[in-house]
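To start, the structure under review is shown below, and the notes come after it.
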Amino acid sequence: MTRTEIGWISTVVVLFIVVNFLSITYMPMSRTATAEKAAPVIQNVDVTARSWSYEISDREFEVGQPVRFSAKSADTMHGFTVYHPNGKILFSMMLIPGLEKPASLVYTFTEPGKYKVRCLEYCGIAHHGMQDELTVVKKDA
Ligand code: CUA
């Protein structure tokens, strides 16, 4: 290999490592750990998905209040994906049936509004209709 080739390969390897390190805080597990450390009070919400609806223990949340979503599937593979009112995906969980522990993720809503929930794992004939809604309200000052 020439010096130029070694130089380019080294640059790519270093960039790869740096970008991975810088993006760690954006990973759901990292965000969950940070939220758990920062907030003494986390609102716990249980989600059970089954063909083709969700059982959600609480559908109303407050702006700025961290919420721990513990979600599981009662039958087949489902998704639990929450959309911002503007249509952007905020987070998504894949719910695998038969697991001992539910999938868990902490999320803090920053704006009030109606947040759509959709299943993004194909789960049968009525998959497209598997939706729900969460409401986020502003806390009284
Ligand atoms: Cu549940 Cu698709």
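Looking across the range 97-134, just one residue is β-branched (V, I, T), within 12 Å of the ligand (Cβ to nearest atom) and part of a loop (DSSP other than H, G, I, E, B), and that is I125. For the range 76-90, a residue qualifies if it is touching a residue at least 40 places away in the same chain (Cβ under 8 Å) and assigned to a loop (DSSP other than H, G, I, E, B), and the qualifying residues are T76, M77. The residue that is surrounded by the fewest Cβ atoms within 10 Å (Cβ to Cβ), counting only those in the range 64-83 that are hydroxyl-bearing (S, T, Y) and within 14 Å of the ligand (Cβ to nearest atom), is T76.
Per the conditions (1) within 16 Å of the ligand (Cβ to nearest atom); (2) aromatic (F, W, Y); (3) assigned to a strand (DSSP E or B), the sole criterion not satisfied by F61 is (1).
Only the coordinates and a few stated rules stand behind these numbers; no lab work does. All figures in this text were calculated on a predicted structure; none of them were measured in a lab. Here Cβ is always computed from backbone atoms with ideal geometry, including for glycine, and neighbour counts include all displayed protein chains.
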